[in-house]
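Okay, structure first, notes after.
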Amino acid sequence: MASASAVPVPSSHLDAARDAEPATKAANAAMAAHLPFADTADFEAAKRGLIATVPDGIVRTGGGTVLWNLGEYAFIDGELAPDTVNPSLWRIARLNLANGLFKVTDRLYQLRGFDIANMTVIEGDSGLILIDPLTTAEVSRAALELYYAHRPHKPVVAVIYTHSHVDHYGGVRGVIDEADVKAGKVRVIAPAGFMEAVSGENVLAGPPMARRAQFQFGTMLPRGARGQVDAGLGKSVARGTPGLIAPTQSIVKAVETHTIDGIEIVFQLAPETEAPAEMHMFYPQLGVLNMAENACPLLHNFIPLRGAVARDPRIWAKYIGDAIAMYGPATKVLIGQHHWPTWDNAKIIDYLEAQRDLYKHIHDQTLRYMNRGWRPAEIAEVIDLPPGLAERWAVRGYYGSVSHNVKAVYQRYLSWYDGNPCNLHPLPPAPAAAKFVEYMGGAAAVVEKARADFARGEYRWVAQVMKEVVYAEPGNKEARALCADALEQMGYQAESATWRNAFLYGAQELRHGVFQMPVRPGMGADTLAGLTSDVFFDLLAIRLDAKKAAGHALVVNWRFTDRNETLVLTLKHSTLTHRMGEFAASADVSVTTTRATMDAIVMRKLTIPDALASGALQLQGEIPKLGALFAMMDPPAGMMFEILTPGEGR
């Protein structure tokens, strides 16, 4: 397939995008007539307490490279949505433009619109408590600088990560120095299981997750009424340098109370909700409840389009209910780490009850249909939000959707398999597509029929059937163009920002090919250093080429002196396994080194010969066998593999 450049598509490429078809205009008009657009309370809340906006709407590196630019969204300039954007999505896109430093209440401020997430600042007695320092160091530093431009310049005494997603910890090095953490000057606090969750979600399946995230966030779509307008949780994800400083304190009990620099904080663990490791906080002196990312003013994901372990909406609803019971009566302001606050106790309780019922409703109704034998796609087609929820702005599907959340519930309980044996062992997509197209009379006949269906506005079916032609004949320009046109119209109709981005990103790749991104490491040095050795060797194991390893057997002792760790790595049956804390007397090879040395080798900052020459890496035994083992490994996986067409070897 032809490749495109490594930068966003220039605006001239917008000429390839079609206008909204009559069916799309009608669908969007129906949405506009259905929802209460006269309710503008959220616009007032989103601007309440504004002190100063993001300077010029831009964050740059010291060298001038633009990492964040709200000016790209200047086209979002009025209440009336263009025909190519769902009017409900247009509304949240306007709301998410609110940006800058905001005073929420005495001693508590938020920095919004520097990234997809918020950074919350609590003014302690002598310093600052920062909650969720955004995605990258550059934007978090710029956000803190804006705070300091309008508030006293106090030192940071604590950083709190509410949960284990990178937009809530990756910018930490922009606001604190690791030396101060090691010296005990700054506390870093996170929920139990934080580091394990970071490893699990971002490392073992990192490359495909990053590739799929391009579709979810529309990272390289042009900004505009025919391109990316929003990401649901915020405008987009900031660029720059992500990092990680490991927590110095974990919250391990269901509810814990700590006083940090004169501020009492009640921590409520909420694991396996929006993230594997997540927690809420209540600040009694301030009357503020922080629900992290578990009660945003939208329907969240049970599985994001980028991929993740299926989340549990039943327990998610339970933790919201617990927060209402424990903190609701004393809460004056509700905040989250995305979007804007809610003020007034009665409104807060009403809001949280709707959020609680939103997640429980989708869970329960999906189980109801599952227990009647319905399949995932069938259930997703019939479940919708009930009266009392459907007309509320704060539960609309801007990030998740009822449809794909239903499928996530099904997967959580019954797996990918829908129970029909016909779907148990089907042909892979490419050969199956070839047979489908042959059965349907050939590609030309299928395209001709699909054009007629496109004219009738049957975009879902056109995309579905053109996908088969594209997989059967990847070079078929007519099929690619028609599939792109159908995906585009589906994007224009989508209320969910992530659905819109995915549909339009797919259309863009069908028209212009896969962007060839510069090769870069799959993870940063901070993340690699933060991995336990257990996960480190799991990562090594998934790179083993089973065909190259066939017939080989090997036992390797490893000793990491800096961590006082030993383990035995075994190659057998074309599979790598390891046992922590053990040492084999009959090992083929023994390795003595440090994890820091191994990390440097993996990050290609140090070569094995140099490590051996310096003594940082010491080997004993049948050394060539260790070299043979590493020769069996795949190189680090890239992420620019095919999605819209069958890739190489498939």
Any residue on another chain or 5+ positions along whose placed amide H is under 5 Å from the amide H of Ala158 is listed here as Leu128, Leu130, Arg187
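So how much slack lies between Ala41 and Glu353, counting 0.36 nm per residue of separation and subtracting their Cα-Cα distance, in nm?
Fully extending the segment from Ala41 to Glu353 adds 110.5 nm.
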Here the FRET efficiency for Thr561 versus Thr65, based on Cβ atoms and R0 = 41 Å and rounded to 0.05, is 0.55
Accessible-area order for Tyr148, Tyr439, largest to smallest, probe 1.4 angstrom, reads Tyr439, Tyr148
Taking the simple approach of a point 7 Å from Cα along Cα-to-Cβ for both Trp461 and Ala52, what is their distance in nm? 5.8
Fully extended contour minus Cα-Cα distance, from Ala430 to Thr570, at 0.36 nm per residue: 46.8 nm
Relative contact order as a percentage, segment 7-102, C-alpha pairs under 8 Å and 6+ apart, gives 38
Using the Karplus curve 6.51 cos²θ - 1.76 cosθ + 1.60 with θ = phi - 60°, what ³J(HN,Hα) values do you get for each residue of segment 34-50, in whole Hz, with x for Gly and Pro? 8, 9, x, 5, 6, 7, 10, 4, 5, 5, 5, 5, 5, 9, 5, x, 5
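In what sequence, highest mean first, do 423-434, 337-348, 75-86, 484-495 appear when ranked by Cβ atoms within 10 angstrom?
Top of the packing list down: 484-495, 337-348, 75-86, 423-434.
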Considering only protein heavy atoms and a probe of 1.4 Å, how much of the accessible area of the chain is carbon and sulfur, as a whole percent? 55
Which order do the peptides 372-378, 153-159 take when ranked by the mean count of other beta-carbon atoms within 10 Å per residue, highest first? 153-159, 372-378
For Ile324, what accessible area in Å² do you get when you roll a 1.4 Å probe over the heavy atoms of the protein chains, rounding to the nearest 10? 20
Considering only protein heavy atoms, what per residue accessible area in square angstrom results for the chain with a 1.4 angstrom probe? 43
Which far-off residues, 5 or more places away or on another chain, put their amide H under 5 Å from the one on His552, with H placed in the peptide plane? Ser574
Leaving out same-chain residues fewer than 8 places away, which aspartates and glutamates sit with a Cα under 18 Å from that of Lys347? Asp39, Asp42, Glu44, Asp322, Asp357, Glu391
Heavy-atom SASA rank of Phe515, Phe630 (probe 1.4 Å, accessible area, largest first): Phe630, Phe515
FRET efficiency, 1/(1 + (r/R0)^6) with R0 60 Å, evaluated for Thr248 and Ala628 via beta carbons: 0.90
Of the listed values (i) 74, 72, 55; (ii) 83, 54, 50; (iii) 110, 64, 48, identify the label whose number matches Cα extents along the principal axes in Å calculated from this model. (i)
With contacts defined as alpha carbon pairs under 8 Å and 6 or more residues apart, what's the relative contact order of the chain in percent? 14
Do you know the relative contact order of segment 472-512, to the nearest whole percent, from alpha carbon pairs under 8 angstrom that are 6+ apart? 43
What list of ³J(HN,Hα) values in whole Hz, one per residue of segment 16-21 in order, does the Karplus curve 6.51 cos²θ - 1.76 cosθ + 1.60 (θ = phi - 60°) give from phi, with Gly and Pro shown as x? 6, 7, 8, 7, 5, 6
Quickly rank 392-401, 406-415, 529-538, 571-580 as a protection proxy: mean count of other C-beta atoms within 10 Å, highest first. 392-401, 406-415, 529-538, 571-580
Can you list residues from other chains, or at least 5 along the same chain, whose modelled amide H is less than 5 Å from the amide H of Trp68? Val59
The summed charge of the Asp588 Cβ neighbourhood (under 13 Å; Lys/Arg +1, Asp/Glu -1) stands at +1
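Efficiency by 1/(1 + (r/R0)^6): what FRET value for Glu391 and Ile542, r their Cβ-Cβ distance, R0 = 60 Å, to the nearest 0.05?
That pair, Glu391 with Ile542, gives E of 0.80.
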Summed over the other residues with a beta carbon less than 13 angstrom from that of Ala444, with K and R at +1 and D and E at -1, the charge totals -1
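The values are calculated or read from the model by the stated rules, or taken from the named source; none is laboratory data. These figures come from a predicted structure and were not determined experimentally. Positions of Cβ are backbone-derived with ideal geometry, glycine not excepted, and every protein chain shown enters the neighbour counts. Heavy atoms of the whole protein, side chains included, go into the accessibility calculation; ligands, DNA and RNA do not. Shrake-Rupley method; radii C 1.70, N 1.55, O 1.52, S 1.80 Å.
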